[in-house]
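Asker: Supplied in structure tokens, the structure appears directly below.
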Amino acid sequence: MTKAVLSSDVTHHYLRPKKKFPNVWCAGCGNGIVMGALIRAIDKCGLSKDDVVVASGIGCSSRMPVYLDFNTLHTTHGRALAFATGVKVARPDLKVIVITGDGDALAIGGNHFIHACRRNIDITTILINNKIYGMTGGQFAPTTPGGSFATTAPYGNYEKQFDVVNLAVGAGASYVARGTVYHSAQLEKLIEGGIRKKGFAIIDVVSNCHTYYGRFNKEGDAVAMLDWMKKHSMPIQAASKVPPEKLVGKFITGLMHETDATEFTDEYKKLVDRLSGKEASK
Amino acid sequence: MSSNNNTRLMQGNEACVHGALYAGARFFAGYPITPSTEIAEGMSRELPRVGGKFIQMEDEIGSIAAIIGASNVGLKSMTATSGPGFSLMQENIGYAYMTETPVVVINVQRGGPSTGLPTKISQSDTMQSRWGPHGDYTSIVVAPSSVKECFDEVVRAFNMAERFRTPVVVLTDEVLGHMREMMVLPNKGELEVIDRHHPDVPPEWYRHYEITSSYVSPMASMGEGYRFNITGLTHDQDGFPTAVPAEIKRKLDKLRRKIERYTDEIHKMKTYMMDDAHVAIFSYGIVSRSARQAVKIARERRIKVGSIQAVTLWPLPEAKLREMLSGIRKVIVAELNMGQLYQEIKRIAPRHTEVYSLTRYDGEIMTPQQILEKIREVKS
């Protein structure tokens, strides 16, 4: 029990003392679990609150920064990564974290997402993926599985889904992970790894929107949806050891991809140094 | 070559680059678009040499987003674009109004709507520069008419952006952007350079949107110990979203008052031979050059005509303008669009002043001859 109290002390240390509870999320929403994991990961990294910028776009998940006692930037729909790029390029010494949702990052913000991956700019992106637009009331997203129901897919979704992990790897991100809100300890580690990684890090977090997705698709309440995650996920270490037929209907979690690639602000600094050296030798 | 080594032959777009650097710009994000691209090219060349930051973004939406991000961590920031790119930027320009973030946006106008005329002149973004983003706010727009004014007005745009914590739009055009003229680059200290007002309170007392007697709040940067929230949602003085009617109204009043209160300081008009004029040509930007030439020729023919050039396009100093026009019988509003500014001057002008519209929207400049013909027409 002592440990639980300690964890909640850590959490409270990073929440804004004045603002702004209760939060906007539905009871049972996975966003709170992600927020807790993020806070503990930042704490483990030993970052000063003043040196962390948390940016977000628009949507349920993007309301997270307002509760956090960092430099917080709640931007326009889909553009968090573009704002964050400006912050990071201007002040490479700051730790920049982006909170976004599946609609925010992959539909309206898809272009910024792939280019942030391509630049391999040192931003840690936490994509809370609940497979639906929650804030606007349950429309299908680029992550909604085929056949699923949403308010704009009343006869079942006939579109195909993005696979966030493959998309990010293909676009050049140097740290690509997937976690779930059921596996909160693993999630904390994955986020911590992303923060420590120099380069673009993306953590795709499978989350629950029982209010819309769960209700429309008869997946039950928050507990039932978390239970689904438990039963249908497999850590990448285990997945590599089982025959492919055992993976049918499952999704894989863990650190999916990591490379050491040059990072945007490092390269820019080299350019500035090179030019100033040249100027000096004139 | 001139003996003065500050003398340069340069394009309007190059003068914008030099003006921005003079004003202390240290961040530029942009996306290639004709006819503004030389500004991005110039910034990509110059900024890394002075330790500044340049980034070519994936589109114009990202460009304006990046400069707002950079400004909020303390760098004077700018982007440059033209018609279609300016349209794409509008939502985030609105975000800059709402979050009171100083940025400078140069729009080198070309013909529209849509892709329109990438290599031809227009002034058809006159109203978009004032009313582009959705919502209520008051904008500052400056409009140079020469290469030298490009330099000066970009410096002034930065000064006003920093002073009033607001985006400022610089409206040039294809001809001005690509036209070459001699200009003398001012030395350091010759022109005033204003930096944002930094808070003098400790972080725990700081409010990012504090209502002050001047309506302009001091501005801390992110990452220097003042931890605050920025949101495009309507917010209270601490920057947290609000739905309280009194706080909503207070915020929107602040956005308007912090500009309108200083209209006298912001406005800038250049007049030419207006003292005894009966007829006035009202114009801005490149058209003012033709207007002055037309006035010169008309004066040789003893026609009492003068020119008023709005260097600050928005806000227009309505009371002052009304007073200026009180002795004028006829005003010709000359512009390279279908009469956008005409409507505004018609609204502002005293009742006894007749207001005429002179337009051109075929991708060509307005000639002095065209203006002279209009003068002749309204005189008869």
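The values are calculated or read from the model by the stated rules, or taken from the named source; none is laboratory data. Keep in mind that what you see is a predicted model, and the values were worked out from it rather than measured. Cβ: placed from backbone, ideal geometry, glycine included. Neighbour counts: every protein chain shown.
Asker: Given A:Gly137, A:Gly170, which one is touching a Cys at 6+ places or on another chain (Cβ under 9 Å), farther than 30 Å from B:Gly51 by Cα and not in a strand (DSSP E or B)?
Answerer: Numbers: A:Gly137 fails: touching a Cys at 6+ places or on another chain (Cβ under 9 Å).
Just one listed residue meets the conditions, A:Gly170.
Asker: Only one of B:Asp200, B:Asp195, B:Asp238 is surrounded by fewer than 16 Cβ atoms within 10 Å (Cβ to Cβ), farther than 21 Å from B:Met78 by Cα and outside the structural domain of B:Tyr361 (by TED's automatic domain parsing). Can you tell me which? Working first, answer last.
Answerer: Details: B:Asp195 fails: farther than 21 Å from B:Met78 by Cα; B:Asp238 fails: surrounded by fewer than 16 Cβ atoms within 10 Å (Cβ to Cβ).
Answer to the check: B:Asp200.
Asker: Is it fair to say B:Glu364 is outside any helix (DSSP H, G or I), more than 28 Å from B:Arg156 (Cβ to Cβ) and of a type in the set (D, E, K, R)? Break it down into steps so the answer makes sense when it comes.
Answerer: Working: outside any helix (DSSP H, G or I): yes; more than 28 Å from B:Arg156 (Cβ to Cβ): yes; of a type in the set (D, E, K, R): yes.
The answer is yes for B:Glu364.
Asker: When you look at A:Thr100, is it of a type in the set (S, T, N, Q), within 16 Å of A:Cys29 (Cβ to Cβ) and in contact with a helix residue (DSSP H, G or I) (Cβ under 6 Å, 6 or more places away or on another chain), yes or no? Full working, then the answer.
Answerer: Details: of a type in the set (S, T, N, Q): yes; within 16 Å of A:Cys29 (Cβ to Cβ): yes; in contact with a helix residue (DSSP H, G or I) (Cβ under 6 Å, 6 or more places away or on another chain): yes.
The answer is yes for A:Thr100.
Asker: Looking at B:Arg289, is it surrounded by fewer than 18 Cβ atoms within 10 Å (Cβ to Cβ), touching a residue at least 24 places away in the same chain (Cβ under 8 Å) and farther than 30 Å from A:Phe21 by Cβ?
Answerer: Numbers: surrounded by fewer than 18 Cβ atoms within 10 Å (Cβ to Cβ): no; touching a residue at least 24 places away in the same chain (Cβ under 8 Å): yes; farther than 30 Å from A:Phe21 by Cβ: yes.
Here the answer is no, as B:Arg289 does not meet what is asked.
Asker: State all residues of region A:211-233 that are of a type in the set (A, V, I, L, M, F, W, C) and either at pLDDT below 95 or within 18 Å of A:Gly179 (Cβ to Cβ) (or both); if no residue qualifies, say none. If you could, list the steps in order and put the result at the bottom.
Answerer: The first filter runs over region A:211-233 and keeps only residues of a type in the set (A, V, I, L, M, F, W, C), leaving A:216, A:222-226, A:228-229.
Selection gives A:Ala222, A:Met225, A:Leu226, A:Trp228, A:Met229.
Asker: Please go through region B:339-380 and pick out each residue that is within 26 Å of the chain's Cα centre (by Cα), among the aliphatic types (A, V, I, L, M) and more than 17 Å from B:Ile286 (Cβ to Cβ).
Answerer: B:Ile345, B:Ile348, B:Ala349, B:Val355
Asker: A further question follows. Restricting the search to region B:123-175, which residues are surrounded by fewer than 23 Cβ atoms within 10 Å (Cβ to Cβ), under 11 Å from the mean Cα position of the chain (by Cα) and of a type in the set (Gly, Ala, Ser)?
Answerer: Of everything in region B:123-175, just one residue is surrounded by fewer than 23 Cβ atoms within 10 Å (Cβ to Cβ), under 11 Å from the mean Cα position of the chain (by Cα) and of a type in the set (Gly, Ala, Ser), namely B:Ser139.
Asker: Name, by its number, the condition in (1) out of contact with any Asp or Glu (no Cβ under 8 Å at 6 or more places or on another chain); (2) within 14 Å of chain B (Cβ to nearest Cβ); (3) within 22 Å of A:Ser174 (Cβ to Cβ) that does not hold for A:Ser276.
Answerer: (3)
To keep it simple, each residue is scored yes or no on (1) away from chain B (no Cβ under 14 Å); (2) over 30 Å from A:Cys45 (Cβ atoms); (3) more than 12 Å from the chain's Cα centre (by Cα).
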site	(1), (2), (3)
A:Asp102	yes, no, no
A:Ile114	no, no, yes
A:Arg119	no, no, yes
A:Ile126	yes, no, no
A:Thr143	yes, no, yes
A:Gly147	yes, yes, yes
A:Val169	yes, no, yes
A:Ala173	yes, no, yes
A:Gly179	yes, no, no
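Asker: Looking at (1) within 30 Å of B:Met179 (Cα to Cα); (2) within 14 Å of chain A (Cβ to nearest Cβ); (3) aromatic (Phe, Trp, Tyr), find the lone condition where B:Phe240 falls short.
Answerer: With (1) within 30 Å of B:Met179 (Cα to Cα); (2) within 14 Å of chain A (Cβ to nearest Cβ); (3) aromatic (Phe, Trp, Tyr) applied to B:Phe240, the lone miss is (1).
Asker: Those residues that are outside any helix (DSSP H, G or I) and touching an Asp or Glu at 6+ places or on another chain (Cβ under 9 Å), I need them from region B:333-360; list them, please. Before the answer, list the steps.
Answerer: The first filter runs over region B:333-360 and keeps only residues outside any helix (DSSP H, G or I), leaving B:333-339, B:349-360.
If the condition is that a residue be outside any helix (DSSP H, G or I) and touching an Asp or Glu at 6+ places or on another chain (Cβ under 9 Å), then B:Val333, B:Leu336, B:Asn337, B:Pro350, B:Tyr356, B:Ser357, B:Leu358, B:Thr359, B:Arg360 are the ones that fit.
Asker: Go through the residues of region A:11-33 one by one and say whether even a single one is closer than 23 Å to A:Tyr133 by Cα, crowded, with 20+ Cβ neighbours inside 10 Å and either within 12 Å of chain B (Cβ to nearest Cβ) or modelled with pLDDT under 95 (or both).
Answerer: So far as region A:11-33 goes, no, none of its residues is closer than 23 Å to A:Tyr133 by Cα, crowded, with 20+ Cβ neighbours inside 10 Å and either within 12 Å of chain B (Cβ to nearest Cβ) or modelled with pLDDT under 95 (or both).
Asker: Could you check region B:332-347 and list, in sequence order, the residues that are over 16 Å from B:Ser290 (Cβ atoms) and either at pLDDT below 95 or surrounded by 18 or more Cβ atoms within 10 Å (Cβ to Cβ) (or both)?
Answerer: The first filter runs over region B:332-347 and keeps only residues over 16 Å from B:Ser290 (Cβ atoms), leaving B:338-340, B:342-347.
Residues satisfying the conditions are B:Gln340, B:Tyr342, B:Glu344, B:Ile345.
Asker: Could you go through region B:309-316 and let me know if any residue there is in contact with a helix residue (DSSP H, G or I) (Cβ under 6 Å, 6 or more places away or on another chain), at pLDDT 95 or above and closer than 18 Å to B:Val175 by Cα.
Answerer: Applying the first criterion (in contact with a helix residue (DSSP H, G or I) (Cβ under 6 Å, 6 or more places away or on another chain)) to region B:309-316 yields B:309, B:312, B:314-315.
Then keep just the ones that are at pLDDT 95 or above; that gives B:309, B:312, B:314-315.
Subset that is closer than 18 Å to B:Val175 by Cα: B:309.
Yes - at least one qualifying residue is present in region B:309-316.
Asker: For region B:159-206, which positions are more than 18 Å from B:Leu9 (Cα to Cα) and assigned to a helix (DSSP H, G or I)?
Answerer: Those that are more than 18 Å from B:Leu9 (Cα to Cα) and assigned to a helix (DSSP H, G or I): B:Asn159, B:Met160, B:Ala161, B:Glu162, B:Arg163, B:Phe164, B:Pro203, B:Glu204, B:Trp205.
Asker: Additional query: Taking region A:37-90, which residues are facing chain B (nearest Cβ under 9 Å) and of a type in the set (Asp, Glu)?
Answerer: Selection gives A:Asp50, A:Asp51, A:Asp69.
Asker: Quick test of your reading of the structure: B:Arg156 fulfils all but one of (1) touching a Phe, Trp or Tyr at 6+ places or on another chain (Cβ under 7 Å); (2) of a type outside the set (A, V, I, L, M, F, W, C); (3) part of a helix (DSSP H, G or I). Name the failing condition by number.
Answerer: (1)
Asker: Quick one: in region B:21-45, of everything that is charged (D, E, K, R) and in contact (Cβ under 8 Å) with a residue 12 or more places away in the chain, which residue is nearest to B:His178 (Cα to Cα)? Talk me through it step by step, then tell me what you get.
Answerer: Applying the first criterion (charged (D, E, K, R)) to region B:21-45 yields B:26, B:38, B:41, B:45.
Still in the list and also in contact (Cβ under 8 Å) with a residue 12 or more places away in the chain: B:26, B:38.
On the way: B:Arg26: 24, B:Glu38: 9 Å.
Only one residue tops the list, namely B:Glu38.
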